[in-house]
Amino acid sequence: NPDVPAETPKDQIRETQELVSPFTHAVSFHGREGVAYMSQNGRFVMRGVIFDTWTGDTIQTMDDLRESMKNVDLGKLGLKDEDIDPFYFGSGPKKVTVFVDPFCPYCGQLFDEMIADPSLAQDYTFTIMAVPFLGDNSTKAVNALHCAPDRDRAINALLTKDHRWLMAQQMPENCDVQPVLQRTILSQMLGVTGVPYIIGAEGGISRGMPPNLKTFLATN
């Protein structure tokens, strides 16, 4: 269930109720310690102790919250490669995760920089999560990548923006696209609202293409 974080002790939850107006803003008040959470329409304010179930940390200040939001450790979500079936680029010791859409222009810029600088492939291993963010053509292309029998040809088509090849692929009848769905759910859990979405080797996040990819990776 994507609505319940992976580390939540589900057997301890007695009852749940989806909120019509979810809490979308963290706020602090003059003269009061701690952080409160306000609904989008301003009607509800929630106070109390907030836990980050992915890290085990307690959120007590706005700085705690900012630090929690800008860092992600995917290893704590317990996902296996076969669950999400990503592509890989490079063979370096440092691990980077990128969420991309085959038709995203800035993702194309990301691919160009990854390919243009051979040192990136030596220093990093990029885990590439293709997700359909931009409509029906993106869905067809992401499924084509996942179902392609020739994985090397597929990753080459993605990285070189070979859209013609992607759109020409026929969907095999026996192809299970569950990993595509799992990647999409994962992106929703992480709050990915646009691509590229990059998680650096130390867990730092870039929402969108950073001004300089190599600099971002070296500091995140």
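The values are calculated or read from the model by the stated rules, or taken from the named source; none is laboratory data. Being a predicted model, the structure only gives us computed values, none of them experimental. For neighbour counting, all protein chains shown are included, and Cβ atoms are generated from backbone atoms with ideal geometry for every residue, glycine included. Ligands, DNA and RNA are stripped out before the accessible areas are found, and what is left, the full protein with its side chains, is counted by its heavy atoms. Shrake-Rupley method; radii C 1.70, N 1.55, O 1.52, S 1.80 Å.
Remarks
- Taking GluC sites (Glu not before Pro) as exposed when DSSP calls them loop and at most 15 other C-beta atoms lie within 10 angstrom, the chain has its longest site-free stretch at 34-172.
- J(HN,Hα) series, the range 159-173, from Karplus relation 6.51 cos²θ - 1.76 cosθ + 1.60, nearest Hz, glycine and proline x: 5, 9, 6, 7, 5, 4, 5, 4, 6, 8, 6, 9, 6, x, 5
- Heavy atoms of the protein chains alone define the surface here; on that basis the range 158-220 has 54 Å² accessible area per residue at 1.4 Å probe size.
- Efficiency of FRET between Asn212 and Val177 - r from beta-carbon atoms, R0 41 angstrom, step 0.05: 0.70
- Theoretical ellipticity at 222 nm over the chain - DSSP helices of four or more residues, -39500 (n - 2.57) apiece, nearest 500: -9500 deg cm²/dmol
- Whole-percent carbon and sulfur share, accessible surface of the chain, 1.4 Å: 50 percent
- Computed over the range 102-207: relative contact order in percent, which uses C-alpha pairs under 8 Å that are six or more apart: 30 percent
- Charge context of Ile84, other residues only, Cβ under 13 angstrom, K/R +1, D/E -1: -3
- Taking chymotrypsin sites (Phe, Trp or Tyr not before Pro) in DSSP loop conformation with at most 16 other Cβ atoms inside 10 Å as exposed sites, the chain has its longest uninterrupted site-free stretch at 45-220.
- Amide H contacts of Val100: Met129, Ala130, Val131, each under 5 Å away and 5 or more positions distant or on a separate chain (H built 1.01 Å from N in the peptide plane; Pro and chain starts excluded).
- Look at the alpha carbon pairs under 8 Å that are at least 6 residues apart: their mean separation over the length of the chain gives a relative contact order of 20 percent.
- The alpha-carbon atoms of the chain define a convex hull whose volume equals 160 cubic angstrom per residue.
- Once backbone amide H atoms are built at 1.01 Å from N, Phe44 has Ser39 as its partners under 5 Å, excluding neighbours fewer than 5 places away on the same chain.
- The amide H of Tyr88, built 1.01 Å from its N in the peptide plane, has Ile128 as neighbours under 5 Å, considering only residues 5 or more places off or on other chains.
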